[in-house]
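Below is one structure, written out as structure tokens; the observations come after it.
The values are calculated or read from the model by the stated rules, or taken from the named source; none is laboratory data. Worth saying up front: this structure is predicted, and the values here are computed from it rather than measured. For neighbour counting, all protein chains shown are included, and Cβ atoms are generated from backbone atoms with ideal geometry for every residue, glycine included. Ligands, DNA and RNA are excluded from the accessible area calculation, which covers all protein heavy atoms including side chains. Shrake-Rupley method; radii C 1.70, N 1.55, O 1.52, S 1.80 Å.
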Amino acid sequence: LGGPIRANSLFFFANYEGIRSTSSKTYTSNTMTEMARQGILPSSSGVRVLSVAPQVKPYLDLYPLPNGRDLGDGTAEYQSEVATRLREDLATGRMDYTLSEKMRVFGRYTFDNGESSTSDPFLIWTFPSSSRYQFFQADGQYQPSAKTIHSFRLGFSRIRNADTTSVRSDIPDSLSFIPGQSLGAIDITGITSLGGLRARLSPRQFVVNDYQFNHEAVYIIEAHTLRFGFGFDRIQFNQRTDDNPIGRYSFSSLSNFLEGKTDFGDMMLPGSDSIRGWRQSLFSAFIQD
């Protein structure tokens, strides 16, 4: 929508776009069979019976029962429908104002807000993501004479991106590896990761503020055209990049998992944080004949 507010001098323009989207995708994952949960695994001589470690038993029910083909090694396929939901709103507005024959200005503001959410193949975790962009620009031009032009530009932008995770409400807190955190991640060779990289690298947030100012002038002196200007840019970058705050155990085989023989575990040190703030100021200038 656009048009004049004051004839031949003041104009406006506005625009809005909205997106609502829901889609789904079929994932084929690897889980463990019912027999494997009891410690009974196929072997070259028939079957091998393991003693399932007590500390492992509470986690067996987190893995869904297979609904696909048996892979013959204690694992089988599991197919799931994973939905992705997306919402985005974009709005922009602009004003143009001619104050006189010598001076005109315009301003523009753009706002974009987006949210999306999806799940892991086992439908235990939900991964919400959000983003918000804001841009403002003002531009003025002043021409005191036919041989002199001044241009001014003022800008501000703010960009924020964030990723978080949440676990199903029926998952008890007692299954957490670290007090105060949600369920941790489990990696077993041959089985789809429980949690995976996306659950371990969360929460994450990036915020960038950028302030800009520029001035440029042109002078015409006989056979010379002189152009010069200067600029200033102030950047603020704030980030949080947690790396495995929920903790993880890794197992090289299904049998090692059932017996509680982990290869390694890693976690972000409790009480530490990854919040950092970076500041930068940029100055520039030029002259041209």
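Tell me which of THR26, LEU71, GLY46 sits at the most positive position along the dipole axis of region 1-80, charges placed on C-beta atoms (Lys, Arg +1; Asp, Glu -1). Ranked along the dipole, the leading option is THR26. Computing FRET efficiency as 1/(1 + (r/R0)^6) for THR126 and ASP263, where r is the C-beta to C-beta distance and R0 is 35 Å, gives about 0.80. Charged neighbours of THR98, selected by a Cβ distance under 12 Å, balance to +1 (K, R count +1; D, E count -1).
Taking only the C-alpha atoms of region 1-63, the Rg (one decimal) and the largest Cα-Cα distance, Dmax (whole number), read 31.3, 92 Å. Computed about its Cα centre, the charge dipole of region 163-289 is approximately 180 debye, with only Lys, Arg, Asp and Glu carrying charge at their Cβ. The string of couplings for region 195-204 from the Karplus curve (6.51, -1.76, 1.60, θ = phi - 60°) is x, x, 4, 5, 6, 7, 9, 7, x, 9 Hz, one whole number per residue in order, with x for Gly and Pro.
When Rg and the Kirkwood Rh are both derived from Cα coordinates, the Rg/Rh ratio for region 174-289 amounts to 1.42. Assuming charge only on the beta carbon of Lys and Arg (+1) and of Asp and Glu (-1), the dipole of region 82-235 about its Cα centre is about 320 debye to the nearest 20. Taken one residue at a time, the phi angles of region 169-177 give Karplus couplings (6.51, -1.76, 1.60, θ = phi - 60°) of 5, 8, 7, x, 5, 5, 7, 5, 7 Hz. Gly and Pro are set to x. Based on Cα atoms of region 47-93, Rg over Rh with Rh as the Kirkwood radius reads 1.34. Note on ASP187: accessible area is roughly 30 Å² with a 1.4 Å probe, heavy atoms of protein only. Which one of LEU62, GLY93, SER119 has its Cα pushed farthest toward the positive end of the charge dipole of region 1-153, where Lys and Arg give +1 and Asp and Glu give -1 at the Cβ? So the residue we want is GLY93. In this structure, the amide hydrogen of GLY260, modeled 1.01 Å from its nitrogen in the peptide plane, lies closer than 5 angstrom to those of ALA53, counting only residues at least 5 positions away or on a different chain. Distance between the C-alpha centers of region 147-189 and region 59-86? Whole Å please. Between the Cα centre of region 147-189 and that of region 59-86, the gap is 27 Å.
The gain in end-to-end length when the MET35 to PHE13 segment is fully stretched comes to 1.3 nm, 0.36 nm per residue minus the alpha carbon separation. Residues whose amide H lies under 5 Å from that of PHE177, counting only those 5 or more places away or on a different chain, are GLY184; hydrogens are built 1.01 Å from N in the peptide plane.
Of GLN137, SER202, THR189, which is farthest towards the positive pole of the chain's charge dipole, taken about the Cα centre with +1 and -1 on the beta-carbons of Lys, Arg and Asp, Glu respectively? After comparing all options, I get GLN137.
For SER253, the amide hydrogen comes within under 5 Å of the amide hydrogens of THR189, counting only partners 5 or more places away or on other chains and with H modelled in the peptide plane.
Two decimals is fine: what's Rg over Rh for the chain, C-alpha atoms, Kirkwood radius as Rh?
Values: Rg = 29.6 Å, Rh = 24.3 Å.
For the chain, the value is 1.22.
Measuring nothing but how far apart in sequence close Cα pairs (under 8 Å, 6+ apart) lie, relative to its length, the chain scores a relative contact order of 15 percent. Summing charges over neighbours of GLN141, with a neighbour being any other residue whose Cβ is under 11 Å away from its Cβ, gives +1 when K and R count +1 and D and E count -1. Within the listed set ILE159, ILE149, ILE220, the residue fluctuating most in the Gaussian network model of the chain (springs between alpha-carbon atoms under 10 angstrom) is ILE220.
Set the Förster radius R0 to 22 Å, insert the Cβ-Cβ distance between SER51 and SER176 as r into 1/(1 + (r/R0)^6), and round the FRET efficiency to 0.05.
0.30
Calculated [222 nm] ellipticity per residue, helices only, for the chain: -1000 deg cm²/dmol; basis is -39500 (n - 2.57) per DSSP H run with n ≥ 4, divided by all residues, nearest 500.
Coupling constants for region 119-133 follow from the phi torsions by the Karplus curve (6.51 cos²θ - 1.76 cosθ + 1.60, θ = phi - 60°), and in residue order they are 10, 7, x, 8, 6, 9, 9, 10, 10, x, 10, 9, 8, 9, 10 Hz; glycine and proline get x.
Quick one: plug the Kirkwood hydrodynamic radius of region 57-195 (C-alpha pairs) into Stokes-Einstein at 37 °C, 0.692 mPa s, and report D in µm²/s. For these conditions, the coefficient is 162 µm²/s.
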